[in-house]
1. What do you reckon, how do K505, K275, K643 stack up by accessible area (1.4 Å probe), largest on top?
2. Leaving ligands, DNA and RNA out of it, work out the accessible area of F147 with a 1.4 Å probe and give it in Å² to the nearest 10.
3. Just the number, please: carbon plus sulfur as a percent of the accessible area of the chain, 1.4 Å probe, no ligands or DNA/RNA counted.
4. In whole angstrom, how far apart do the alpha carbon centroids of region 423-480 and region 483-524 sit?
5. Please report how far the C-alpha centroid of region 112-142 lies from that of region 274-318, rounded to the nearest whole angstrom.
6. Give K505/K528; K385/K528; K528/K643 a once-over and call out the pairs whose C-alpha atoms are over 19 Å from each other.
7. How much net charge surrounds E234 when only the other residues with a Cβ under 11 Å from the Cβ of E234 are counted, with Lys and Arg +1 and Asp and Glu -1?
8. Heavy-atom accessible area per residue, region 485-659, 1.4 Å probe: how many Å²?
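The values are calculated or read from the model by the stated rules, or taken from the named source; none is laboratory data. Being a predicted model, the structure only gives us computed values, none of them experimental. Cβ atoms come from the backbone with ideal geometry, glycine included; neighbour counts cover every protein chain shown. Calculation scope for accessible area: heavy atoms of the full protein, side chains included, ligands and nucleic acids excluded. Shrake-Rupley method; radii C 1.70, N 1.55, O 1.52, S 1.80 Å.
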Amino acid sequence: MPTLLTLVVNALPPHARRRLVRTDPGMLRTARGARAMFAFVLTLACVFLMGQALGVPIAAFLIAFPVTVFCCATISDDEVRARIGNIVALSASAGAMFTLSALLHGAVINHLVFVAVIGLAAYMRQYGGAWIPAGLAGNVSYFFGSFLKPDMATLHWQWAGVAIGAASALIVHQLVVPHRPWRRMRWSVGSIRMRMSDLLVTAADFRGTRDLPRLRRDLARVASAVTIAETELENLPGGRLAHRPLAEALIATLVLAERLALQLQRDSTTISSNKMRHDLTEMASALTHYTPLPDDADVTSIASAIAELERTLRLSPDLAAAKGHAAPSKARVEAQLRFGIQPAAAAALAIVGGVMLSPDRWYWAVITVFVMFTGTYSRGQALAKSLKRTLGTLAGILVAMALVWLLGGNIQLALALMPVAIFFIFYAFVQSYTWMAFWITVTVALLFSVMGRFSDTLMLLRLEETAIGALAGILVAALVLPKSTAAHAREQFNALLEATASVLKAAMPDGPLDRLQLTAAVHDFEAKLASLRDALEPLRFIPLGRASGQRDNISRQLVLTSYWVHEIALAVRHMDSAGGEHATNHAVAAAASLQDVIGRLRKPGHDELSPDIDDAPTPLPLDTGNSSTTLTSACLGVSTALKSTARHITDRTLQSRAFRF
């Protein structure tokens, strides 16, 4: 049965539908925003009707709104039992923290407990699972209680609000925008097709250096869509291990995109004939419009890969294989006190500064701190997030002022726009911290407009409180148990080295190839690669040429590392499919050399100071023959890329000041 989201997407004009699928692989962000929006509307309707029936104002149920939107935005379990369990945990946390805040009327004790709650929630978040949504909802609910200061005689209505919010969220999860893993996977594959089409168009039009940024962007977008689809495998029936052919088809498609883009980056004349440009353009059109794929010689490999991807998408899960293969054990969580102490210290500092500025709106500074330290591991990340939060808030204030002026006090229209703004908050929830801050500010402005309390002065105060919270976060990140961007990047690079070694071990075992184990190893490699890229992300926002240059150099080497690791996996799979073809002595020697390089780079305190040597192999053409030769080249390529990455991370003469911050 089609869901509401599917009906809406299918009702869009073809161009708009393709654009939406291309922009949002798997429709994950659209579904998250839609759930939050519909849950808000349903909760508002329920609260209004109950208030009318019982003669109770809507404000008596106000806690229902953060409960319902967070239940929809932070809980994404496909299994019904797990989803209900997380909703219950979040709701209980929200109700308990709201009640605790309401009981503590003294300002000093209320603030001290708030600091403790923030520190505890941040610390427990390291354990994942229900602790993440419960901690987030608990913090927001505590500040709601501090802000509303509800009468104890009406506290039971707020608990009724908790129940309404949780029930509304469950209804939306189950009936309005239900979870459909297979549909998400089909949308993800559709996004891969659209993004591959963009890459082929760029390749057909490629003329040299001026087109490099566009080419790299399109390749990164294809890789991102493949990563999302590969992650979604875990949510399909039987999990990742039951869908090995689909996982292999995804990587094979990505390898072809990488070959094409990297060949062009190295030699812009790779596509020189008008016929090949025409074939690429024709293939791009077929991918976009779902017409028969052309079989011209220049694009045969791409057509075959896409056809194989579509074929494996229709295969039934191999549940027997999944049950017969032990799932990798979860790594033991080594919780660090640092992740609880830093947010608590920053919250305390933000409270002091926030109260000095405004005894009534200090919580804006504290919420800035809490959100800022979510998923923050280094000083550089704290600085980048503070800049994003402040810029997003500033832009939101400017737009909100104009919007409220245009509304002219129309409460009904302002109330109608709030669900739209909530949709965009959670559409940007993970993707863009700046846009999330922007839409939160617009939503706050609409809320105050509905309440008749909006003013330019209030919006300016929000900006000032946000700046205080951001500054408090930066100071604490820099002075209290600090960790530099360089140290965090080195930790993540070591994890990447370990994951690369695991891929090599799975690809070249002593016995027969275990393709399920190889698939799991490649997935772990992708996760570690994403973590290293996140660690380097602060360099994007530092307005210094050397910082951006260092990040660009490392990013290029990581693209090559990813590409050559994919080539290793693809080569050994081809050898296995060919009837157990054995690697040549050259390939075995190249793999052993790569293991030695990884071992050297993983040594504690090792700094890679050897100069870069231009001995990297050339990226392979679209059609490649000998798998053993490919394996040899890929091992050498990984070795060269890893050494260059290590040099840019560990050699202080190549590090920017921003990297050492």
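1. In descending accessible area the options line up as K505, K275, K643.
2. The value for F147 is about 60 Å².
3. Values: 17890 of 28620 Å².
After summing per-atom areas, the C and S share lands at 63 percent.
4. 39 Å
5. If we compute the Cα centre of each part, the gap is 48 Å.
6. Among K505/K528; K385/K528; K528/K643, the Cα-Cα distance tops 19 Å for K385/K528.
7. -2
8. Counting only protein heavy atoms, the per-residue value for region 485-659 is 43 Å².
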